[in-house]
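FYI, it's all coordinate maths here, none of it is from the lab. Only a predicted model underlies this, so the values are computations on that prediction, with no experimental measurement involved. We place every Cβ from the backbone using ideal geometry, glycine too, and count neighbours over all the protein chains shown.
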Amino acid sequence: MIKFRVLLSALLPVLALTAFAGVQDASAADDIIKLSNNQRIACGRGLNAGKLQNITCKSYAYIFNTKTSDFYRCQVSVGVTRDNKEVLKVDTDGSCKLKGRIFPSDSNYAFDATETEPPNTNSFFGSGGTAIWVSDSTKLSAKGCIILGVGVGPDVMKCVDMTFDK
């Protein structure tokens with residue numbers, strides 16, 4: 001029994017350090033994928049023949065890999081068709097699409113993104129644009145990117161390496 005206690009007391013610190021290292025690895029892995037802080041929602045309502053109403057809401061967010069600088073645009077939509085008495089139909093849709101990689105090499109990046117409002121009279125090109133900012137958390141390095149939905153062909157994405165004046 002004494003040998004068991006001595007063995008257990010000798011192994012406890014090793015087991016604790018091993019368990020703590022596993023928790024750190026898990027938390028580090030959890031920090032690789034981040035959700036942007038700029039989620040938006042837009043809703044609209046319309047009337048159809050027969051006094052039917054359509055209500056549609058769309059929301060988007062960006063998900064970013066802080067190691068590779070790959071990012072995804074995710075969108076969800078819910079549409080409801082109703083009459084004066086009841087909901088007749090509910091449609092849902094959603095997906096995430098890989099939009100690209102900002103930096104060519106892996107590091108530790110921070111990220112945020114925002115989009116223009118849905119199309120309106122101030123919109124010159126289709127649905128407007130998206131601004132994306134990415135910085136390297138390990139050194140003074142950042143890129144500003146604009147994605148324009150030009151309406152003909154694929155979206156145009158251009159990134160500019162930021163210079164830091166002293």
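Quick notes on this one:
- For the stretch 31-161, dividing the convex hull volume of the Cα atoms by the residue count gives 132 Å³ per residue.
- Summing +1 for each Lys or Arg and -1 for each Asp or Glu among the other residues whose beta-carbon sits under 14 angstrom from that of Leu98 gives +2.
- Within the same chain, lysines fewer than 8 places from Lys51 are excluded, and of the rest, those with a Cα less than 30 Å from its Cα are Lys85, Lys89.
- In order through the stretch 63-80: 3J(HN,Hα) via Karplus (6.51 cos²θ - 1.76 cosθ + 1.60), integer Hz, x for Gly, Pro: 10, 10, 8, 6, 8, 9, 6, 6, 9, 10, 9, 10, 9, 10, 9, 9, x, 10
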